[in-house]
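The values are calculated or read from the model by the stated rules, or taken from the named source; none is laboratory data. Just so it is clear, the structure is predicted and the values come from calculations on it, not from any experiment. Here the Cβ positions follow ideal geometry from the backbone for every residue, glycine too, while neighbour counts run over all protein chains shown.
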Amino acid sequence: MRALPRAVALAAAAVTLLVVLPGCTSVVDVDPAEDAAHASCADVMIALPPTVAENEQRDTNSQATSAWGDPSKVVLRCGVGVPGPTTDPCVTVNDVDWVVREGDPAWTATTYGRDPAVEVLFDPDEVASSTVLVELGDAVSRVEQTRACVGLSDATPAPPGG
């Protein structure tokens with residue numbers, strides 16, 4: 001007769017699980033960056049805001065990543081390759097330099113002059129780039145900046161006599 005109490009306990013556990021699961025959001029599948037284990041990424045991750053562009057932060061399945069919104073509106077990966085000199089637009093938002101690449105539909109903003117670099121993907125039709133970059137600026141600034149964006153005129157020596 002011990003089987004009956006055990007069956008009741010298992011049934012109660014199953015009902016509890018079914019009640020709890022619908023309230024959970026799914027974990028976001030994000031590929032980790034090559035240098036995701038870099039110690040500075042931990043500093044970035046603990047400083048991330050709980051909301052970005054009015055979207056709640058969600059759990060991801062890999063180290064040094066985060067996502068906001070359901071479905072995801074903003075995805076962040078720390079430890080991506082550090083961008084070198086580029087002709088892509090480089091913008092400075094609250095003392096953080098970002099190389100911005102327009103895609104369709106997602107744009108990619110990668111910190112410039114910081115090692116490791118942080119990459120943020122977002123759809124500008126869903127969230128404003130200025131909002132995303134401002135709200136993530138404090139967290140990514142935990143990685144020391146060693147270089148700054150420069151314009152082509154700053155990088156090219158002036159012609160002799162001019």
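Take VAL132 and tell me if it is farther than 21 Å from GLU34 by Cα and at pLDDT 95 or above.
Spelling it out, VAL132 is indeed farther than 21 Å from GLU34 by Cα and at pLDDT 95 or above.
Counting only residues that are polar (S, T, N, Q) and crowded, with 19+ Cβ neighbours inside 10 Å, which one in segment 84-119 is farthest from SER40 (Cα to Cα)?
Looking at the filtered set, the residue picked out is THR110.
Table: residues versus (1) without any contact (Cβ under 8 Å) to a residue 24 or more places away in the chain; (2) part of a helix (DSSP H, G or I); (3) at positive phi.
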site	(1), (2), (3)
ASP104	yes, no, no
VAL120	no, no, no
THR131	no, yes, no
ASP138	no, yes, no
ALA148	no, no, no
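Could you check segment 26-101 for strands (runs of 3 or more DSSP E) lying wholly inside it with 1 or more residues that are touching a residue at least 40 places away in the same chain (Cβ under 8 Å)?
55-58, 74-80, 90-93, 96-101
Yes or no: THR110 without any contact (Cβ under 8 Å) to a residue 60 or more places away in the chain and part of a strand (DSSP E or B)? Walk me through it before giving the result.
Working: without any contact (Cβ under 8 Å) to a residue 60 or more places away in the chain: yes; part of a strand (DSSP E or B): yes.
Yes; evaluated as a whole, the condition is true for this residue.
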